[in-house]
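Asker: This structure is in structure tokens; I'll ask about it shortly.
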Amino acid sequence: MNKLSLFETPLWITELDIDLNSLENKIRTFSTNIESSKLSNVGGYQGHNFYDESLFNSIVNCIPTNKNKPLKDISIYSWVNINKKSNRNERHCHMHSDTLLSGVFYVKYPENSGSIRFYDPRGHLIQTQKDYIYYYDGYAYNYIYPKNNLLVLFPPWLEHDVEPNESTEDRISIAFNINAKY
């Protein structure tokens, strides 16, 4: 019997080869010059309009493409997250009409500094259905366990949050939205 999976939710995950020490220094300098915003962050620093050419070029090279619809006019809007002990990010999504994909890149991920959690987009009612419990254990969410230099791309509508940092070291990530025409 063939299985056909309908309405899958893809995530694309890879490791990059970025000079993290240099990038962290650039982020620290950026955070002293750019005021923190409050969006999904609970505590911690969130600074918008961060730019690093090397990182952005690497991200662009990792964008999954449809050979029948070449991408053009690709741009990345990013923000830096520096989460100290107990800081976290609330459940949210990146719903913007121009966003093709969203993502996060981990610059500094100490042990026990919190994982990113993605929620089943079909809603809470699906988790109580017998087939879902039998075949998929009724999970309402799944975790991605970060590490340094990890890049995660995901659909902008996919809700996610980040657990509290239980480490005494900062967790540093760069979140972003990719805009493109096709």
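The values are calculated or read from the model by the stated rules, or taken from the named source; none is laboratory data. What you see is a predicted model, and the numbers here were worked out from it, not measured in a lab. Reconstructed Cβ throughout: ideal geometry from the backbone, glycine too, with neighbour counts over all protein chains shown. All accessible areas refer to the heavy atoms of the entire protein, side chains included, with ligands and DNA or RNA removed. Shrake-Rupley method; radii C 1.70, N 1.55, O 1.52, S 1.80 Å.
Asker: Looking only at region 23-40, count every residue that is farther than 18 Å from Glu53 by Cβ, assigned to a loop (DSSP other than H, G, I, E, B) and either open to solvent by less than 100 Å² (accessible area, probe 1.4 Å) or among the charged types (D, E, K, R) (or both) and tell me the total.
Answerer: Looking only at that region, the number is 5.
Asker: Now, a different point. From the residues in region 55-74 that are of a type outside the set (A, V, I, L, M, F, W, C) and within 18 Å of the chain's Cα centre (by Cα), which one is surrounded by the fewest Cβ atoms within 10 Å (Cβ to Cβ)?
Answerer: Asn61
Asker: Go through region 44-54 and give me each residue that's touching a strand residue (DSSP E or B) at 6+ places or on another chain (Cβ under 7 Å) and surrounded by 15 or more Cβ atoms within 10 Å (Cβ to Cβ).
Answerer: Gly44, Tyr45, Gln46, Gly47, Phe50
Asker: If I ask for residues that are more than 23 Å from Ile27 (Cα to Cα) and under 19 Å from the mean Cα position of the chain (by Cα), which ones from region 101-139 would you list?
Answerer: If the condition is that a residue be more than 23 Å from Ile27 (Cα to Cα) and under 19 Å from the mean Cα position of the chain (by Cα), then Arg117, Phe118, Tyr119, Asp120, Pro121 are the ones that fit.
Asker: Now a separate question. Within the set of pairs 6+ apart or on separate chains, which have a first residue in region 12-35 that is among the polar types (S, T, N, Q), a second that is open to solvent by less than 90 Å² (accessible area, probe 1.4 Å), and C-beta atoms under 7 Å apart?
Answerer: Thr14/Cys62; Thr14/Leu151; Ser31/Tyr45; Ser31/Gly47; Ser31/Val80; Ser31/Ile82
Asker: Looking only at region 65-80, count every residue that is in a strand (DSSP E or B) and either hydrophobic (A, V, I, L, M, F, W, C) or without any contact (Cβ under 8 Å) to a residue 24 or more places away in the chain (or both) and tell me the total. I'd like the intermediate steps shown before the answer.
Answerer: Just the residues of region 65-80 that are in a strand (DSSP E or B), to begin with: 66, 69, 72-80.
Keeping just the survivors that are either hydrophobic (A, V, I, L, M, F, W, C) or without any contact (Cβ under 8 Å) to a residue 24 or more places away in the chain (or both) gives 74, 76, 79-80.
Summing the residues that are in a strand (DSSP E or B) and either hydrophobic (A, V, I, L, M, F, W, C) or without any contact (Cβ under 8 Å) to a residue 24 or more places away in the chain (or both) in region 65-80 gives 4.
Asker: For region 1-19, which positions are open to solvent by 90 Å² or more (accessible area, probe 1.4 Å) and in a loop (DSSP other than H, G, I, E, B)?
Answerer: Scanning region 1-19 gives Met1, Asn2, Lys3, Leu4, Leu6, Phe7, Glu8, Asp17, Asp19.
Asker: Would you call Phe105 of a type in the set (Phe, Trp, Tyr), within 21 Å of Glu8 (Cα to Cα) and in contact with a strand residue (DSSP E or B) (Cβ under 6 Å, 6 or more places away or on another chain)?
Answerer: no
Asker: Looking for something among the aliphatic types (A, V, I, L, M), in contact with a Phe, Trp or Tyr (Cβ under 6 Å, 6 or more places away or on another chain) and within 21 Å of Ile178 (Cα to Cα) - is there at least one such residue anywhere in region 53-74?
Answerer: Yes, region 53-74 has at least one match.
For every residue, the table says whether it meets (1) touching a Lys or Arg at 6+ places or on another chain (Cβ under 6 Å); (2) modelled with pLDDT of 95 or more.
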position	(1), (2)
Trp79	no, yes
Arg88	no, yes
Ile116	no, yes
Asp120	no, no
Tyr136	no, no
Tyr139	no, no
Tyr143	yes, yes
Glu169	no, yes
Ile174	no, yes
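Asker: So, restricting to strands (runs of 3 or more DSSP E) that lie completely within region 81-160, which ones have at least 2 residues that are among the aliphatic types (A, V, I, L, M) and open to solvent by less than 70 Å² (accessible area, probe 1.4 Å)?
Answerer: Answer list for region 81-160: 99-108, 150-154.
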